Amino acid sequence: MAQFDHHSPEFAENWRAIYREARAGGCPVVHSDLYDGYDVLLKHADVKEAFRDYESFASERLRDDDDIELDGGVGIPEHPFRIGFLEMDPPDSLSLRRIVNPWFSPRTIAAGRPRIDEAVTWAVDQVIERGECDLITDLASPFQCMVVLDLLGIPLDRWKAYKEVIDKEVAQEDDAIEGIQWILGDLFDEVVQQREHGGEGLIAQLAVAEVDGVGIEDDLTAELVLMLLLGGMDTTIATIGHAISHLDTHRDDRQRLMDDPSIMATAVEEILRFYSPATAMARTVRKPVTIAGKAYERGDRVLCAIASANQDEDAFADAHVMDITRSPNPHLTFGTGTHRCIGMDLARVNTELFLNAVLARMGDYEVLRDQVKIHDSIPHANGFTSMPMRFTKGEPSRPSDGTFPTFSAPRILPV
């Protein structure tokens, strides 16, 4: 097996086969000398153990005895900036998550379904008369951007500026980092504005929130909002892309979902497992520990291969088969333990409602497969840059000037 590189074009094109070959080798761990060296945990049980044992496997960036920061965080190589409480560990991460959790609880997201449905209706209305669109940039990205900005409480008239940056980030364009820095600055200004004048979304609460009686600094609040924004965008867009692509090539699954929408939630879970929009998360060994039969020391880096764990034959019967009725489905796409994805219920519902709308209003769609573009590499989300599709033209369901939705359903607020 060639040197493992989860950022290579070969991995982006053939990650499923690469992981299958690695697992077939009989060793639950593979090593790579790239990016200063790291091991890859391949098996479901080992990835699950590492995710749950934050005392041994740190998400935060550790320091050595001379207080010098080690390579760390959830990316290999490490990300250029910290990603909120995704790169913190208890107790700090839990203090911040407690503030945010109610906004993403199952009850909150369930109550928000009518408003999310209005967002997807608006997105479909923008393209339905054309009979063709790019699923990623024309449909999934506007929809997801609208839902997330609305929940955060960012004025919706900014959605196109945010979408432009998100599209560049999804497409991994060279100047995407400049756009993210612009978003971070805009979020900082919004935090200050809403702390002074109030607001209707999550930002307004974070702006005045306290941890142990002390307010959260504006820089940290902006960092947390950026984490929620970016974390809620590209992975869900990738999930939607994989779903639409799969249902294009597996028309029997498409027809089954059109005939029985009640199984959509189960199908979404299998899409999340089989296509794994987040292929891996890194950890740094905090203290001597043994996992997968191998001993590690403080500072060692491991990559928890979510996509491999989700294909592990020891964890899933017929793991290589995409079964839209699979249940139970203990996939690790959202992680597990203290760092389990805070937005998982929003991602599930957004994908479910989006697919319901597309199948109801564009049920005869056809993906122009010779024009589909996947990511050249997978730094975070395993998805698509472009997915042109065509369908029978239809009529918008409600009048709109196309600028942004006119919501009538209640806001998504903690329940």
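The values are calculated or read from the model by the stated rules, or taken from the named source; none is laboratory data. These numbers come from a predicted model, not from an experiment. Quick reminder, even Gly has a Cβ in these numbers, built from the backbone with ideal geometry, and neighbours come from all protein chains shown. To get the accessible areas, we keep the full protein, side chains included, count just its heavy atoms, and leave off ligands, DNA and RNA. Shrake-Rupley method; radii C 1.70, N 1.55, O 1.52, S 1.80 Å.
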Checklist entry - How do the pairs read when you match residues in the range 402-415 that are in contact (Cβ under 8 Å) with a residue 24 or more places away in the chain and crowded, with 16+ Cβ neighbours inside 10 Å with residues anywhere that are in a loop (DSSP other than H, G, I, E, B) and among the small types (G, A, S), using Cβ under 7 Å and keeping only pairs 6 or more apart or on different chains? => result I412/G112
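Does D134 satisfy being open to solvent by less than 50 Å² (accessible area, probe 1.4 Å) and more than 23 Å from F407 (Cβ to Cβ)?
Numbers: open to solvent by less than 50 Å² (accessible area, probe 1.4 Å): yes; more than 23 Å from F407 (Cβ to Cβ): yes.
Judged against the criteria, D134 is a match.
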Checklist entry - When both residues are 6+ apart or on different chains and their Cβ atoms are under 6 Å apart, which pairs have a first residue that lies in the range 64-89 and is surrounded by fewer than 16 Cβ atoms within 10 Å (Cβ to Cβ), and a second that is assigned to a loop (DSSP other than H, G, I, E, B) and of a type in the set (K, R)? => result E69/R61
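D117 - would you say it is over 30 Å from A140 (Cα atoms) and out of contact with any Cys (no Cβ under 6 Å at 6 or more places or on another chain)? Break it down stepwise before answering.
Working: over 30 Å from A140 (Cα atoms): no; out of contact with any Cys (no Cβ under 6 Å at 6 or more places or on another chain): yes.
Here the answer is no, as D117 does not meet what is asked.
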Item to check | Those residues of the range 115-139 which are closer than 22 Å to F384 by Cα and β-branched (V, I, T), in sequence order | outcome: V120, V124, V127, I128, I136, T137
Item to check | Positions within the range 206-222 being surrounded by fewer than 22 Cβ atoms within 10 Å (Cβ to Cβ) and either without any contact (Cβ under 8 Å) to a residue 24 or more places away in the chain or out of contact with any Phe, Trp or Tyr (no Cβ under 8 Å at 6 or more places or on another chain) (or both), in sequence order | outcome: V208, A209, E210, V211, D212, G213, V214, G215, I216, E217, L220
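Any chance the range 373-387 includes a residue that's part of a loop (DSSP other than H, G, I, E, B), open to solvent by less than 30 Å² (accessible area, probe 1.4 Å) and over 26 Å from L41 (Cβ atoms)?
First pass over the range 373-387, keeping only residues part of a loop (DSSP other than H, G, I, E, B): 375-380, 382-383, 387.
Those left that are additionally open to solvent by less than 30 Å² (accessible area, probe 1.4 Å): 375, 377-378, 382-383, 387.
Pick out the ones that are also over 26 Å from L41 (Cβ atoms) and you get 387.
Looking for residues that are part of a loop (DSSP other than H, G, I, E, B), open to solvent by less than 30 Å² (accessible area, probe 1.4 Å) and over 26 Å from L41 (Cβ atoms), one finds at least one in the range 373-387, hence yes.
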Item to check | Any chance L230 is open to solvent by 10 Å² or more (accessible area, probe 1.4 Å) and under 30 Å from E270 (Cβ atoms) | outcome: yes
Next on the checklist: Kindly evaluate I166 against the criterion of being outside any loop (DSSP other than H, G, I, E, B), open to solvent by less than 30 Å² (accessible area, probe 1.4 Å) and under 26 Å from G241 (Cβ atoms).
Outcome noted: yes
Next on the checklist: With the requirement that a residue be open to solvent by 20 Å² or more (accessible area, probe 1.4 Å) and assigned to a helix (DSSP H, G or I), what does the range 353-372 give you?
Outcome noted: N356, A360, R361, R369, D370, Q371
